[in-house]
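To start, the structure under review is shown below, and the notes come after it.
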């Protein structure tokens, strides 16, 4: 039976499946990762999200393969990136799938400030997308940047912009946006 207020039910179900496949009891796993058995029950029920450290311990304890580890990390919906201990193994796994052939990936990073005089915002259940444009001539807009984010992150951006604009207006400070918005 599914709990009606289980926000992490998919993550919890997956962890329970992994535990059952390894033929380990709740007590064995909770002892191995040093958490209360009841805490593990709540995690598997999807009622609680494990801390990043606990999830890493579970992944390590079960010997979860890289792709599945990444999937578990994404199901947990942490704000942080995939840990480096998972990422190199995943890169190795991808290289094996390419037949061991070397792969080169170039990413162009442009740190210049791109100015915009137009903005189109699209909101859907998946999140918010902002298309910034610059007027080339009266009848043409050139794309400058496209930024996507979650609804929660968009709300944080709005608050940060409002705060920065107020500080700039009343205190003369222009560099107050937090680095992790």
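The values are calculated or read from the model by the stated rules, or taken from the named source; none is laboratory data. Bear in mind the structure is a predicted one, so any value in this text is a computation, not a measurement. In this analysis, Cβ positions are derived from the backbone assuming ideal geometry, glycine residues included, and neighbour counts consider all displayed protein chains.
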Next item on the list: Restricting attention to helices (runs of 4 or more DSSP H) lying wholly within region 1-82, give those where 1 or more residues are within 25 Å of residue 156 (Cβ to Cβ) and touching a helix residue (DSSP H, G or I) at 6+ places or on another chain (Cβ under 9 Å).
Entry: 9-21, 52-62, 66-76
Next item on the list: Check region 32-50 and report whether any residue there is within 19 Å of the chain's Cα centre (by Cα), at pLDDT below 90 and assigned by TED's automatic domain parsing to the domain that holds residue 18.
Entry: no
Check: Tell me, which residue of region 121-167 that is modelled with pLDDT under 85 and surrounded by 15 or more Cβ atoms within 10 Å (Cβ to Cβ) is nearest to residue 79 (Cα to Cα)?
Finding: 164
Checklist line | residue 67 being under 20 Å from the mean Cα position of the chain (by Cα) and either surrounded by 13 or more Cβ atoms within 10 Å (Cβ to Cβ) or under 17 Å from residue 17 (Cβ atoms) (or both) | finding: yes
Next item on the list: Take region 109-120 and flag every residue that is surrounded by 10 or more Cβ atoms within 10 Å (Cβ to Cβ) and without any contact (Cβ under 8 Å) to a residue 24 or more places away in the chain.
Entry: 117, 118, 119, 120
Checklist line | Output for region 36-63, where each listed residue is surrounded by fewer than 18 Cβ atoms within 10 Å (Cβ to Cβ) and over 19 Å from residue 77 (Cβ atoms) | finding: 36, 37, 38, 41, 60, 61, 63
